[in-house]
Amino acid sequence: LSLHDALPISFGWLLTVYYPVRDSSHSTLCYVGADYSMSMLSNSGDVFLAKLVSLLASFFILTLAIGLWVVEHSILYPINSMAYCAGAFAYDSEEARDANVAQLQSLDIRTGDEIENLYRAFLKTTEDNVNYIDHLLHARKQVEVMQERVTVMDQLATTDALTGVKNKTAYDQFRARVDEEIAAGGAEFAIAMIDLNFLKRVNDTYGHDHGNDYIKRC
């Protein structure tokens, strides 16, 4: 085409690249050129940037979700489980205490971090407290039994086995107080002397069991 027949050319925001075409003797025969619209390149850059931002946002959201899941299952869930067991702990009976300890043991938290250390310490403290309470209750029962035995022994020591009345040992226990009341002139007491007639005859005639009954009735 002649210069007059050429199509009108309009220039814009273009990126133009030329590459030489050579023969076997490395002589340049011609140049191959290509134009690329910078507007399209800019748009491609914007799309790429948008995709990159979307990818980073998705990665951030995924990382955040994984972090929340880890926190939920590795921290919040174990702590809430221990808090629930502690809040529901009952000391009413031995069965209730054992059931609560068994429930706490069933958590079996194995996070391999400070949460597991906290759980182990909490479990050990709870078991020690339950054992201490059991020992205290057992000791209390033993004390009650011993008190009952002491009361029975005191009654046996201060009471006549046959008649059920207080004996001289009982008098000796209260003699100091009675002496003080006598010295103060405020003692109120009486002395009784009893002579049982025909006790030997009752024993010889009816036996000593009847004689003992005779003494008790008198």
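Note down all Cβ pairs under 6 Å where the first residue falls in the range 145-163 and is touching a residue at least 24 places away in the same chain (Cβ under 8 Å), the second is open to solvent by 80 Å² or more (accessible area, probe 1.4 Å), and they're at least six residues apart or on different chains.
Here the result reads T163/K216, each pair linking the range 145-163 to a residue that is open to solvent by 80 Å² or more (accessible area, probe 1.4 Å).
With the checklist (1) open to solvent by 50 Å² or more (accessible area, probe 1.4 Å); (2) at pLDDT below 85; (3) among the hydroxyl-bearing types (S, T, Y); (4) in a helix (DSSP H, G or I) in hand, flag the one item Y36 doesn't pass.
Of (1) open to solvent by 50 Å² or more (accessible area, probe 1.4 Å); (2) at pLDDT below 85; (3) among the hydroxyl-bearing types (S, T, Y); (4) in a helix (DSSP H, G or I), only one is false for Y36: (4).
Contact list please: Cβ distance under 8 Å, first residue in the range 7-23 and under 18 Å from N43 (Cβ atoms), second residue modelled with pLDDT under 60 and not in a strand (DSSP E or B), pairs at least six apart or on different chains.
Final answer for the pair search is none.
Would a scan of the range 164-176 turn up a residue that is of a type in the set (G, A, S), surrounded by 10 or more Cβ atoms within 10 Å (Cβ to Cβ) and in contact with a helix residue (DSSP H, G or I) (Cβ under 9 Å, 6 or more places away or on another chain)?
Looking for residues that are of a type in the set (G, A, S), surrounded by 10 or more Cβ atoms within 10 Å (Cβ to Cβ) and in contact with a helix residue (DSSP H, G or I) (Cβ under 9 Å, 6 or more places away or on another chain), one finds at least one in the range 164-176, hence yes.
Can you list residue pairs whose Cβ atoms sit under 8 Å apart, with the first residue in the range 85-111 being free of Cβ contacts under 8 Å to residues at least 24 places away in the same chain and the second being surrounded by 14 or more Cβ atoms within 10 Å (Cβ to Cβ) and acidic (D, E)? Count only pairs 6 or more apart in sequence or on different chains.
Cβ pairs passing all conditions: R110/E116.
Taking the range 57-91 as the region of interest, how many residues are out of contact with any helix residue (DSSP H, G or I) (no Cβ under 8 Å at 6 or more places or on another chain) and within 19 Å of L123 (Cα to Cα)?
Residues that pass the stated criteria total 6.
Have a look at R177, R140 and point out the one that is in a helix (DSSP H, G or I) and modelled with pLDDT under 90.
One residue alone meets the criteria, R177.
Which of the numbered conditions does P20 fail, given that it passes all the others? Conditions: (1) in a strand (DSSP E or B); (2) open to solvent by 50 Å² or more (accessible area, probe 1.4 Å).
(2) is the only condition that P20 fails.
Here is a check on your reading of the model: is V152 over 27 Å from E94 (Cα atoms) and either touching a strand residue (DSSP E or B) at 6+ places or on another chain (Cβ under 8 Å) or open to solvent by less than 80 Å² (accessible area, probe 1.4 Å) (or both)?
Yes; evaluated as a whole, the condition is true for this residue.
Please verify whether A121 is among the small types (G, A, S) and closer than 30 Å to I75 by Cβ, treating the condition exactly as stated.
yes
Which of the residues that make up the range 89-110 are open to solvent by 50 Å² or more (accessible area, probe 1.4 Å) and in a loop (DSSP other than H, G, I, E, B)?
Listed by number, the residues that qualify are Y91, D92, D108, R110.
The values are calculated or read from the model by the stated rules, or taken from the named source; none is laboratory data. From a predicted model like this one, the values you see are computed outputs, not experimental measurements. FYI the Cβ positions are ideal-geometry reconstructions off the backbone, even for glycines, and counts take in every protein chain you see. The area values use the complete protein model at the heavy-atom level, side chains included, leaving out ligands, DNA and RNA. Shrake-Rupley method; radii C 1.70, N 1.55, O 1.52, S 1.80 Å.
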